[in-house]
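Just below is one structure, and these are the notes that go with it.
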Amino acid sequence: MLRSVILALGGVFLAQGVLNQSAFAQMPAGDPAEGRKKATMCRTCHGIEGLAKIPIAPNIGGEPASYISRQLIAFRAGARTHEMMSVVAKSLDDQTIADVAAWYAEQKASATLPAGKTDAQAPETCVACHGTEGIATMEDAPNLAGETVMYLDTQLKAFRGGKRTHEIMSDIAADLSDEDIRELAEWYSGIKLNIEKAK
Amino acid sequence: MKRLLLGTASLLAVTALAQAQAPVPENLEKLSNFQTTGTSEFTFVDQTGDYADGIKKTLERIKLPDGFKIGLYAVVPDARHMAVGPQGIVTFVGTRKDKVWSVTDRNKDRVADEVKDFAPSLKFAIPNGPCFSKDGFLYIAEQNRVLVYPAAEFFYESPDVAAFNVVKQGELIPPTEESYNHTARVCDIGPDGKLYITLGQPFNVPAPEKADLYNKWGIGGIIRLNTDGTGREVFATGVRNSVGMDIDPKTGDVWFTDNQVDGMGDDIPPGELNHATAAGQNFGFPWYGGGNVRTNEYKNDEPPADVVFPAAEQVAHAADLGMKFYTGKMFPAKYQGAIFSAQHGSWNRTTPVGARVMVSYVNEDGTATSEPFAEGWIDENGEYLGRPVDVAELRDGSILVSDDLAGAIYRIWYEGN
């Protein structure tokens, strides 16, 4: 089972790579200093360094600029929807997206397992992309360390129910029960995320 | 589920990827039979130190009318809506995460000295809304269930509490309509003894196709039901996302706040304080985005003729949340019978507004007039130092204000001059 998932992942990432190149070919280069100024509209929920202030906002500090840009473009285009982010993203131009993505990508994310937990206990379903400690191993996957249980639960259920779609996540989530989702969410939520401020 | 967590990673992977697993026994079944679950660990929240001192520093800048004082009552992570126990022993505090906190002031110096998680053997999902009946039954409205905890003020001292379903998991709303946003429920017991629960609808403005389903379930409205879960009915419709409700102790009428449409501009539409004088009223959403401002999406549709407009309009995007009729005697006469309510503060307005406590005076004609009561949680750089969520009243007539950004509960009392 796991093997087939990994094989499938390989194929999807190849396709993703091609897609991403074309989608981002026109994106301007981001300026982190400009991004910091423009992040006034992000920080109420995501924090100025990307450590979230409200439970449903993910911690975006230290995510790759390409991941942040891709999500913002998806919200703007309506491919991903969220009651708050769809409103915010509608007003963003390409330069603003590139700048705020560059700012948040400048921060450094690291994770610490809680006492008594070891990497071997990490959910095998997730670790190939999101890492045992929730620091992602590839650009297309977000860090999950320290996200709230409710954020992770909401996203996995959105993938499962089709409200959010992704080549890999939609398939993985389709097979998860509510209890499985809660268990995976609690693993990553229990990990402490540290975000080191960019100079 | 504990078994899985302790098991090997491969067992978890198999379980996670396989379908049709046997349902894992819920601790709720044991608790409903007054059995122990074996859980013994509480999480205690430190009430002193640098963190508490930082909050106290913020409170020095809060402006209040003459004679009023504000102080830190408790450090409570993610503090949302509050329910003060009828015996005055403990205050239960919901969160939009997965914990409910119990806050106890044992030595009665009006500062809490113990904050620990409530019912740690239960798995909560957005347990935002606790409310008490007069006889000590605690109800907690979550994302998609409602449980009742009899004698919660007694049982909370143990990790195992008595707990029963009022609305089973998955039956408050259809699971397909679950969301995170607009899912912070609040509840209250009406003069009819029924349990009233606000149900936000998940969208900024919903599509017309959703209308039939939502009206049937009371999503985007308020429902009421008997405290044993029977007799559910839709009490109010045309509500976008109400996260604050209280019953006027004089008239028995339901009053509630509502959060209005985003993305229409910085200064429209207004926020709302609403007054329901009967069951079955329609409060105008989605035809109106707030007050009498029409939404772009429904501007060509005929609104219902009998729409009830707000009793008081509030500043646009200030996010009016929890509210409480003041029944105490401690505050001066003009505040007695008035409504205290919290504005959480805007999230995407160019210049932030809100993050304050409002007071609204009820007029003879059933409308209300609002003014700021406590403010100063937005600093000179437009940064939030705190975001008030709910207001509750202690038996001595002082009020509590929760704050989910600072993770705190404040107490406001009147000393005179």
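Worth pointing out:
- For residue B:129, residues with placed amide H under 5 Å, excluding near neighbours: B:141, B:185
- Candidates B:370, B:133, B:179: whichever shows maximal mean-square fluctuation once chain B is modelled as a Gaussian network with Cα springs under 10 Å: B:179
- FRET efficiency, residue B:395 to residue A:165 (Cβ-Cβ, R0 60 Å, nearest 0.05): 0.70
- Vicinal HN-Hα couplings computed from phi for the range B:112-118 (Karplus, 6.51 cos²θ - 1.76 cosθ + 1.60; Hz; Gly/Pro x): 5, 10, 9, 10, 9, 6, 8
- Partners for residue B:108 among lysines (Cα-Cα distance below 20 Å; same-chain residues under 8 apart left out): B:56, B:69, B:116, B:329
- Stretching residue B:267 away from residue B:415 to a fully extended chain increases their span by 49.6 nm, per 0.36 nm per residue minus the current alpha-carbon distance.
- Relative contact order %, chain B, counting alpha carbon pairs below 8 Å whose residues are six or more apart: 14
- Degrees separating the helix A:149-161 axis from the principal Cα axis of chain A, which is the longest one: 80
- Close amide-amide hydrogen proximity is noted between residue B:316 and B:271, each under 5 Å apart and 5 or more residues distant or on a separate chain (H modeled in the peptide plane; Pro and chain starts excluded).
- Taking the longest Cα principal axis of chain A as reference, the axis of helix A:178-189 is set at about 60 degrees.
- Length gained on full extension, residue B:210 to residue B:300, computed as 0.36 nm times the residue gap minus the Cα-Cα distance: 30.6 nm.
- Within the listed set A:122, A:98, A:185, the Gaussian network model of chain A (springs between alpha-carbon atoms below 10 Å) gives the highest mean-square fluctuation for A:122.
- Under the combined filter of DSSP loop state and at most 11 neighbouring Cβ atoms within 10 Å, the range B:210-257 retains these trypsin sites (Lys or Arg not before Pro): B:250.
- Against chain A, whose longest principal axis is taken from its Cα atoms, helix A:94-106 shows a tilt of about 60°.
- Other residues within the sphere of radius under 14 Å centred on the Cβ of residue B:76, judged by their own Cβ, net out at -2 (K and R +1, D and E -1).
- Taking amide H atoms as placed 1.01 Å from N in the peptide plane, the amide H of residue B:235 lies under 5 Å from those of B:222, B:223, B:224, each 5 or more residues away in sequence or on another chain.
- In the range B:326-417, GluC sites (Glu not before Pro) in a DSSP loop with at most 15 other beta-carbon atoms within 10 Å: B:364, B:380, B:383, B:415
None of the figures in this text is laboratory data; all of them are computed from the coordinates on show. Just so it is clear, the model here is predicted, and its values are computed rather than measured. Neighbour counts are summed over all protein chains in view; Cβ atoms, including those assigned to glycine, are modelled from backbone coordinates with ideal geometry.
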